[in-house]
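**Q** Quick one: structure below, then a few questions.
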Amino acid sequence: MRINILGYNIFSKGGTSRSNINLIKTFLEKGHIVQYFNSQPFEDSDITRLIIHEDISSANFTIFSSQYEAKLSTGDILIITREDIFKYSRIIKQHNKEIKIVGEIHGPLEYINDEIDLALDSIDCIRVSTESIKKKFQEKYNYDAVFNKYVNAQHIDINCKPANTKRNLLIKSRFEDGIKDISYVIKLINYIKKNTYKTDIQLYIVGYGPSENLYKNLVAYYNLQDNVHINEKEPLNYVYVSTSPYETLGYSILETIGIGNQALIYAGNDNVLKEIYEKYHGISFLTKHFQKDSEKLIAVLDGKYTKAQRNEDIENLKLDFTNENYADDYLKKISKMKVKQAKEHKLPIYKFKKKRTHVNKIQKLDRKRDLYEQLKKTAMFKLLLNNNIFFNRMKKMYNFRKERLERKLMEGIEPDSNKVFIESFHGNNFSGDPKFLALKIKEQYKNKKIYVSSVNSLVDIEVRNAGLIPIRFGSTIYKKIFRSCKYVFMNGNSLDKVYKHKNQVFIQTWHGFPLKKMVNDLGDKKEKQLQLNKFIPRMKKWDYLITASNLNTLLLKSAFKLEKNENLTVLELGSPRNEYLINHNTETEWLRIQRKYLFTNDKNIKYVLYCPTWRQGERESLTQIDLIELLNQLPKNYKIIVKLHPNEARLRNKYNALDARIHCFYNEFVDIQELYILCAAMITDYSSTIFDYAHLNKPIFLLQEDNSQYKQDVGFYFDINEVGRFPEAALNETKLASQLTRVGAIDYSQMISRLMKNDKSDSSENILKYIFTDNIEKSG
């Protein structure tokens with residue numbers, strides 16, 4: 001039988017390449033003629049290395065470029081092993097109506113982009129890994145011609161002897177945290193080191209990819225340099241660790257079992273790996289709960305993988321993965337599937353070419369920019385660039401052309417009512433009202449896909465932990481996704497270069513109850529006009545504004561000149577961020593938060609939150625209070641958490657280095673509402689954090705170090721001391737320590753009723769019900 005295989009790049013490392021090689025070998029062993037077609041460019045030397053390394057020299061085996069579509073179409077069976085090239089099956093069917101085409105799904109279904117054309121009208125059958133994936137595929141795509149069969153694993157050498165280790169862990173993986181979640185394992189090591197006797201535990205991480213800097217930063221952040229080793233020599237005996245949210249098999253897991261080592265793996269959000277590996281003694285399962293996983297991991301390290309257990313695992317390995325009849329079984333399953341006929345009226349024969357689109361033009365423009373970056377280092381270009389007129393004209397031309405192309409690209413994207421975009425603080429972290437609305441949408445509107453703006457990989461971690469999809473702020477994909485979402489929830493203004501579609505709905509939550517004067521209410525007339533000119537065009541995009549009371553609305557109306565937006569609907573339904581405080585001020589939540597930020601559980605610790613507002617200009621110290629001396633005056637179970645404004649994040653290392661009892665976290669990791677629940681008291685100045693924290697009736701101490709000057713420069717809407725009791729924080733460390741230990745709960749309920757009376761336990765539900773129902777009625 002003539003079997004053709006179309007793959008992406010058999011010469012690169014990875015599970016799909018290994019699967020292709022094994023598939024080729026098993027067909028050749030049965031006497032079939034195999035032609036492999038590579039989508040990526042390659043050299044003759046690549047073929048030579050592959051044949052030598054894999055020992056697949058055969059007169060029945062040839063490698064071609066995928067551009068040879070006539071050869072690709074000549075055969076009995078074509079197996080396509082990458083989802084985004086399934087579409088070429090239509091071309092092949094035009095050449096050969098009788099060829100049977102198999103599409104192999106190697107990635108998790110959850111990672112198959114909705115925009116990928118799977119060409120199921122010309123694919124005759126689909127191979128997936130497990131029975132559960134088969135059922136999900138059939139249901140998701142309404143396509144029945146699916147069979148399940150593991151990939152061939154004949155390359156695995158089985159070692160009869162079980163291996164044991166007391167401290168070594170290994171991860172071998174591509175460094176792509178959104179898919180592999182290696183960051184969780186680094187955090188788990190931190191938890192184990194802080195809370196157990198296994199302080200000598202060693203984690204070896206081997207691989208490459210875009211998340212390498214993230215992992216190095218996390219190792220430094222948690223001071224794990226003696227415990228976590230990136231791309232160092234791996235140990236001989238180890239416990240393999242995998243925490244990917246989704247896998248279809250996991251070759252590294254399989255190889256680990258083969259050589260006799262044990263593995264600790266996350267079953268997957270879809271439970272697929274448990275379906276495959278539950279019967280193996282050498283496999284234990286993680287839950288992504290620090291305490292439970294630390295106990296499981298230590299039990300594996302302290303336990304013993306016995307000879308009897310190893311023998312059972314070997315039998316299961318042979319049964320599941322080293323079947324000598326793999327090729328025959330594979331072809332037997334295919335034979336049961338009918339061949340689909342090409343639909344000639346739908347698609348003419350065409351070459352493997354990329355269609356010119358606005359996206360291609362943008363990429364071409366960016367390549368010219370990259371060329372410019374190289375040329376500007378030459379002597380001739382240095383002379384030209386010294387000419388400001390030439391430089392500015394070229395820059396202006398580039399920006400104009402790119403913006404025009406992006407606008408044309410955006411015009412072709414229609415918003416989808418089942419897509420939601422979330423942006424908290426321009427993607428600088430995942431918190432505030434947009435976060436809690438996103439979580440409520442995920443809980444109650446399961447048909448909606450939720451994307452979240454993120455500035456970096458640290459924010460990505462928080463977004464993924466919530467089960468949502470991070471999108472890099474300002475990127476090309478950001479602009480496309482943003483435009484495709486009908487509903488956009490944000491607590492600041494949207495990016496100017498993202499153009500609002502007429503059918504999009506912008507929901508503005510803002511980011512705090514106003515105390516300091518803003519925009520239209522500023523005393524400096526020049527600054528006021530400057531801010532108004534920028535703010536009003538952005539505000540006019542809003543369709544809804546969420547507030548906590550009529551007084552809240554009044555202040556925002558004054559600050560933002562809301563009357564300029566005739567289409568704006570103000571919903572005085574309360575703040576979702578404070579709904580969280582109302583509903584979750586419990587011991588269970590307190591312990592979860594302590595575990596999340598401090599990697600420990602100790603009910604005896606008391607945390608004090610120091611939360612200063614931002615000042616214009618740079619400063620090297622947040623306060624004249626000596627925090628180390630303050631700690632010396634406080635009981636030993638007191639600790640201080642410094643919450644920096646994002647504009648002062650550069651001070652994080654300084655405050656972390658002061659004392660082991662002072663904590664200053666990455667802002668990207670912080671949801672301040674969680675810190676409110678964790679901390680027994682707060683020290684602040686003119687921050688709107690006052691009004692959120694007051695929902696908990698915990699003491700709030702006001703620093704008055706520059707009150708008069710700040711009042712003169714910026715101004716306040718009202719005197720905070722007229723609406724509630726706020727003890728003035730003593731500037732003497734001994735006196736302040738006395739205040740923190742002596743002052744107990746303060747009742748702020750009257751202030752809440754006066755300023756934020758609509759903050760309720762069901763604010764999120766009411767907001768979403770109104771917005772989604774209102775827009776169904778408008779569109780209907």
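Since every read-out is calculated from the coordinates, none of them should be taken as a lab result. Source: prediction; values computed, not measured. Neighbour counts are summed over all protein chains in view; Cβ atoms, including those assigned to glycine, are modelled from backbone coordinates with ideal geometry.
**Q** Can you run phi through the Karplus equation (6.51, -1.76, 1.60; θ = phi - 60°) for the range 193-208 and list ³J(HN,Hα) in whole Hz, with x for Gly and Pro?
**A** After applying 6.51 cos²θ - 1.76 cosθ + 1.60, I find 5, 7, 10, 9, 7, 7, 6, 9, 4, 10, 10, 10, 10, 10, x, 7 Hz.
**Q** For Phe400, Phe86, what ranking results if the residue with the fewest other Cβ atoms within 10 Å of its Cβ goes first? Spell out each step's value before the answer.
**A** Numbers: Phe400 10, Phe86 23.
The most exposed by this proxy come first: Phe400, Phe86.
**Q** Mind checking the log10 I(q)/I(0) for the range 18-60 at q = 0.22 Å⁻¹? Debye, one equal scatterer per Cα, no solvent, two decimals.
**A** Rounded to two decimals, the profile gives -0.80.
**Q** Treating only the Cβ atoms of Lys and Arg (+1) and Asp and Glu (-1) as charged, compute the dipole magnitude of the chain about its Cα centre; round to the nearest 20 debye.
**A** Dipole magnitude for the chain comes out near 2360 debye.
**Q** Shifting gears a bit: In sequence order, what are the phi-derived ³J(HN,Hα) couplings for the range 33-39 according to the Karplus relation 6.51 cos²θ - 1.76 cosθ + 1.60 with θ = phi - 60°, rounded to whole Hz, with x for glycine and proline?
**A** 8, 10, 10, 10, 10, 9, 6
**Q** Which lysines, on any chain, are close to Lys735 with Cα under 26 Å apart, when same-chain ones fewer than 8 places away are left out?
**A** Excluding near neighbours in sequence, the set is Lys603, Lys606, Lys636, Lys639, Lys643, Lys654, Lys698, Lys711.
**Q** Let's test the formula: R0 of 56 Å, r as the Cβ-Cβ distance of Lys279 and Asp774. What FRET efficiency results, to the nearest 0.05?
**A** Values: r = 53 Å, r/R0 = 0.94.
Efficiency for this residue pair is about 0.60.
**Q** With +1 on each Lys and Arg Cβ and -1 on each Asp and Glu Cβ, and nothing else charged, work out how big the dipole of the range 168-320 is about its Cα centre, in Debye to the nearest 20. Let's see the in-between values first.
**A** Numbers: 18 positive and 20 negative charges, 74 e Å.
So the magnitude is around 360 debye.
**Q** While we're here: Can you pull the semi-axes for the range 168-320, root of five times each eigenvalue of the Cα gyration tensor, sorted largest first, whole Å? Before the final figure, lay out the partial values.
**A** Numbers: eigenvalues 119, 60, 41 Å².
Computed over the range 168-320, the values are 24, 17, 14 Å.
**Q** For the chain, take the longest principal axis of its alpha carbons; what is the angle in degrees between that and the long axis of helix 358-375, to the nearest 10 within 0 to 90?
**A** Computed tilt is about 80 degrees.
**Q** Okay, next question. Quick check: Cα centre of the range 165-195 to Cα centre of the range 714-736, how many Å?
**A** Result: 45 Å between the Cα centres.
**Q** Provide Rg and Dmax in Å for the range 413-575, with only Cα atoms included in the calculation.
**A** In order Rg, Dmax, the Cα atoms of the range 413-575 give 15.7, 48 Å.
**Q** Excluding residues on the same chain fewer than 8 positions from Lys332, give the lysines whose Cα lies under 16 Å from its Cα.
**A** Lys30, Lys100, Lys149
**Q** Moving to a separate point now. Give me the angle, in degrees from 0 to 90, between the Cα long axis of helix 44-54 and the longest principal axis of the Cα atoms of the chain, rounded to the nearest 10.
**A** Compared with the principal axis, the helix lies near 80 degrees.
**Q** What net charge is computed for the residues neighbouring Tyr197, neighbours being all others with C-beta under 13 Å from the C-beta of Tyr197, Lys and Arg scored +1, Asp and Glu -1?
**A** Spelling it out: positives minus negatives among the neighbours equals +2.
**Q** In whole Hz, what ³J(HN,Hα) sequence does the range 644-659 give by Karplus (6.51, -1.76, 1.60; θ = phi - 60°), x for Gly and Pro?
**A** Per-residue couplings from phi come out as 7, 5, x, 6, 10, 4, 4, 7, 4, 4, 4, 6, 5, 7, 5, 6 Hz.
**Q** Express in nm, to one decimal, how much length is gained between Asp157 and Asp200 on full extension, taking 0.36 nm for each residue of separation and deducting their alpha carbon distance. It would help to have the intermediate numbers written out before the result.
**A** Values: separation 43, 0.36 × 43 = 15.48 nm, distance 3.09 nm.
So the extension gain works out to 12.4 nm.
**Q** Between Ser335 and Glu411, what length comes free when the chain is fully extended (0.36 nm per residue of separation minus the Cα-Cα distance, one decimal in nm)?
**A** Numbers: separation 76, 0.36 × 76 = 27.36 nm, distance 4.60 nm.
This chain segment gains 22.8 nm when fully extended.
**Q** Can you put Val723, Val151 in order of Cβ neighbours within 10 angstrom, beginning with the fewest?
**A** Values: Val723 18, Val151 22.
So the ranking, lowest neighbour count to highest, is Val723, Val151.
**Q** Within the range 245-325, which chymotrypsin sites (Phe, Trp or Tyr not before Pro) sit in a loop by DSSP and count at most 12 neighbouring Cβ atoms inside 10 Å?
**A** Details: sites: Tyr246, Tyr251, Tyr266, Tyr277, Tyr280, Phe285, Phe290, Tyr305, Phe321; in loops: Tyr246, Tyr280, Tyr305.
Hits after loop and neighbour filter: nothing returned.
**Q** Give me the net charge for the shell around Arg2: Cβ to Cβ below 15 angstrom, other residues only, Lys and Arg +1, Asp and Glu -1. Write down the numbers at each step before the final one.
**A** Values: positive: Lys30, Lys71, Lys100; negative: Asp76, Glu98.
Computed value for this residue: +1.
**Q** Given Cβ point charges of +1 (Lys, Arg) and -1 (Asp, Glu) and nothing else, what value in debye, to the nearest 20, does the dipole of the range 86-159 about its Cα centre take?
**A** Working: 11 positive and 12 negative charges, 46 e Å.
I would put it at about 220 debye.
**Q** Of the GluC sites (Glu not before Pro) in the range 100-140, which ones lie in a loop per DSSP and count no more than 15 other C-beta atoms within 10 Å?
**A** Numbers: sites: Glu104, Glu110, Glu115, Glu131, Glu139; in loops: Glu115.
Sites meeting the loop and neighbour criteria: Glu115.
**Q** Using only the Cα atoms of the range 53-134, construct the convex hull and provide its projected area averaged over every direction, in square nanometres to one decimal. Could you put the intermediate results ahead of the total?
**A** On the way: hull surface 28.4 nm².
Orientation-averaged projected area of the Cα hull: 7.1 nm².
**Q** For the range 658-707, evaluate the Debye formula with one uniform point scatterer on each Cα (no solvent term) and list log10 I(q)/I(0) at q = 0.14, 0.25 Å⁻¹, rounded to two decimals.
**A** -0.42, -1.10
**Q** Another question, then. Test of the criteria: in the range 153-209, which trypsin sites (Lys or Arg not before Pro) are in a DSSP loop and have at most 14 other Cβ atoms within 10 angstrom of their Cβ? Write down the numbers at each step before the final one.
**A** Details: sites: Lys166, Arg167, Lys172, Arg174, Lys180, Lys187, Lys193, Lys194, Lys198; in loops: Lys166, Arg167, Arg174, Lys198.
Answer by residue number: Lys166.
**Q** Based on the alpha carbons, how large is the Rg to Rh ratio for the range 594-755 when Rh follows Kirkwood? Write out the running numbers ahead of the final one.
**A** Values: Rg = 15.3 Å, Rh = 16.4 Å.
Using only Cα positions, Rg/Rh for the range 594-755 is 0.93.
**Q** Where does the Debye-calculated log10 I(q)/I(0) of the range 68-181 sit at q = 0.10, 0.13, 0.16, 0.20 Å⁻¹, using only Cα point scatterers of equal weight, no solvent?
**A** Relative scattering, expressed as log10 I(q)/I(0), comes to -0.43, -0.66, -0.87, -1.13.
**Q** Based on C-alpha coordinates, I'd like the Rg and Dmax of the chain, in Å.
**A** That works out to 30.2, 91 Å for Rg and Dmax.
**Q** For a quick check: with amide H placed at 1.01 Å from N, whose amide H comes under 5 Å from Lys449's, ignoring anything fewer than 5 positions away on the same chain?
**A** Lys419, Val420
**Q** In units of 2.2 N^0.38 Å, what is the alpha-carbon radius of gyration of the range 234-351? Walk me through the intermediate numbers first.
**A** Numbers: Rg = 20.0 Å, N = 118, 2.2 N^0.38 = 13.5 Å.
The range 234-351 yields a ratio of 1.48.
**Q** Can you list the equivalent-ellipsoid semi-axes of the range 734-780, largest first and in whole Å, using the square root of 5 times each Cα gyration tensor eigenvalue?
**A** Working: eigenvalues 376, 25, 12 Å².
Equivalent ellipsoid of the range 734-780: 43, 11, 8 Å, largest first.
**Q** List the residues, sorted by chain then number, that are 5 or more residues from Thr243 or on another chain and whose placed amide H is less than 5 Å from its amide H.
**A** So Thr243 has HN proximity to Tyr266.
**Q** Give, as a single signed number, the net charge of other residues whose beta carbon lies under 15 Å from the beta carbon of Ile51, with Lys and Arg counted +1 and Asp and Glu -1.
**A** Values: positive: Lys25, Arg49; negative: Glu43, Asp44, Asp46, Glu54, Asp55.
Summing Lys/Arg as +1 and Asp/Glu as -1 gives -3.
**Q** May I ask you to derive the FRET efficiency for Phe669 and Leu530 from their Cβ-Cβ distance with R0 = 41 Å, giving the value to the nearest 0.05?
**A** 0.75
**Q** Hey, with R₀ at 25 Å, roughly what FRET efficiency would Ile56 and Glu234 work out to, going by the Cβ-Cβ distance, to 0.05? Walk me through the numbers before you get to the answer.
**A** Details: r = 27 Å, r/R0 = 1.09.
The pair Ile56/Glu234 has a calculated efficiency of 0.40.
**Q** Further, regarding this structure: Determine the distance separating the Cα centre of the range 468-510 from the Cα centre of the range 8-27; give it in Å without decimals.
**A** The range 468-510 and the range 8-27 have Cα centres spaced 40 Å from each other.
**Q** Additional query: Just to compare against my own numbers: the Cα pair-distance distribution for the range 1-116, 5 Å bins, whole % per bin, please.
**A** Over the range 1-116, the share of Cα pairs per 5 Å bin runs 2, 11, 23, 25, 20, 13, 5, 1, 0 percent.
**Q** If you don't mind, there's one more thing I want to ask. Starting with the fewest neighbours, write out Phe716, Phe506, Phe482, Phe535 ranked by other beta-carbon atoms found within 10 Å of each beta-carbon. Working shown, then result.
**A** Working: Phe716 14, Phe506 21, Phe482 26, Phe535 18.
Arranged by neighbour count, lowest to highest, Phe716, Phe506, Phe482, Phe535 become Phe716, Phe535, Phe506, Phe482.
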